[in-house]
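Student: Sharing a structure, written as structure tokens. Questions coming.
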Amino acid sequence: MLCHGTLFGDAVIFAQARRAASGSDDAALAEIAELAAALAGSKERFLETTAQGHAFIEITKAAWPAAALARLTACWDGPLGRYPVAAGTACSGHGIAAAPALLAFLHGAASNLVSAGVRLIPLGQIDGQRVLAALEAPIMQTAERALAAGLDG
């Protein structure tokens with residue numbers, strides 16, 4: 001998921017949304033939002049990621065407003081808030097550099113998956129932290145690849 005699957009795809013979408021928002025390219029931002037909505041692999045994934053993204057946008061606009069988020073909601077009238085688009089746009093709006101923003105995004109996603117493993121396997125907290133530590137290099141490599149990738153892969 002991290003290196004070749006949905007997390008890598010989300011990382012590319014995040015990086016492209018951040019780049020478009022940083023360049024005030026509303027047409028590109030709308031195109032990325034549309035593509036991101038279309039890439040949800042199932043109805044359930046679509047509902048999950050748009051609900052998460054919508055909540056993220058609303059909370060972030062209320063607590064940490066940024067013109068970039070207002071532009072995102074103004075330029076895209078489709079399903080609001082695929083999470084990687086919303087998060088990348090918010091990071092841009094607050095001047096968070098691309099590499100650390102994407103690393104935080106990927107660490108959060110990996111932490112969520114490990115947390116599920118800790119509860120379901122059961123893995124245990126210490127082993128869960130060991131798994132996260134072991135994912136450090138793949139997270140860095142995935143971030144580097146996603147920052148260099150275009151929307152065509």
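The values are calculated or read from the model by the stated rules, or taken from the named source; none is laboratory data. All values reported here derive from a predicted model rather than from experimental measurement. Positions of Cβ are backbone-derived with ideal geometry, glycine not excepted, and every protein chain shown enters the neighbour counts.
Student: Considering (1) within 15 Å of the chain's Cα centre (by Cα); (2) of a type in the set (Val, Ile, Thr); (3) surrounded by fewer than 17 Cβ atoms within 10 Å (Cβ to Cβ), say which one Ile59 fails and leave the rest.
Tutor: The single condition Ile59 does not satisfy is (1).
Student: Restricting attention to the stretch 82-126, report how many residues are loosely packed, with under 15 Cβ neighbours inside 10 Å and either β-branched (Val, Ile, Thr) or in a loop (DSSP other than H, G, I, E, B) (or both).
Tutor: 7
Student: Residue by residue through the stretch 127-153, note down the ones that are of a type in the set (Asp, Glu) and outside any helix (DSSP H, G or I). First the steps, then the outcome.
Tutor: Initially, the stretch 127-153 is screened for residues of a type in the set (Asp, Glu), giving 127, 136, 144, 152.
Across the stretch 127-153, the qualifying residue is only Asp152.
Student: Scan the stretch 133-153 residue by residue and report those that are in contact with a helix residue (DSSP H, G or I) (Cβ under 7 Å, 6 or more places away or on another chain) and at pLDDT below 95.
Tutor: Listed by number, the residues that qualify are Ala149, Leu151.
Student: Please find, among Thr73, Thr49, the residue that is assigned to a helix (DSSP H, G or I) and in contact with a Phe, Trp or Tyr (Cβ under 9 Å, 6 or more places away or on another chain).
Tutor: Working: Thr73 fails: in contact with a Phe, Trp or Tyr (Cβ under 9 Å, 6 or more places away or on another chain).
The unique qualifying residue is Thr49.
Student: Considering only residues of the stretch 2-11 that are of a type in the set (A, V, I, L, M) and surrounded by fewer than 24 Cβ atoms within 10 Å (Cβ to Cβ), which is nearest to Leu151 (Cα to Cα)?
Tutor: Among them, the one singled out is Leu7.
Student: Looking only at residues in the stretch 115-153 that are of a type in the set (A, V, I, L, M, F, W, C) and under 17 Å from the mean Cα position of the chain (by Cα), which one is farthest from Ala98 (Cα to Cα)?
Tutor: Quick first cut of the stretch 115-153, residues of a type in the set (A, V, I, L, M, F, W, C) only: 116, 118, 120-121, 123, 126, 131-135, 137, 139-140, 143, 146-149, 151.
Within this subset, residues satisfying the condition of being under 17 Å from the mean Cα position of the chain (by Cα) are 139-140, 143, 146-149, 151.
Working: Ile139: 14, Met140: 13, Ala143: 9, Ala146: 11, Leu147: 8, Ala148: 11, Ala149: 13, Leu151: 16 Å.
Restricting to residues being of a type in the set (A, V, I, L, M, F, W, C) and under 17 Å from the mean Cα position of the chain (by Cα), the top hit is Leu151.
Student: Further, regarding this structure: I'd like to verify a number: residues in the stretch 26-44 that are without any contact (Cβ under 8 Å) to a residue 24 or more places away in the chain and not hydrophobic (A, V, I, L, M, F, W, C), how many? Lay out the reasoning, then the answer.
Tutor: Within the stretch 26-44, the subset without any contact (Cβ under 8 Å) to a residue 24 or more places away in the chain is 28, 31, 38, 42-44.
Among the residues that remain, those that are also not hydrophobic (A, V, I, L, M, F, W, C) are: 31, 42-44.
Here the count works out to 4.
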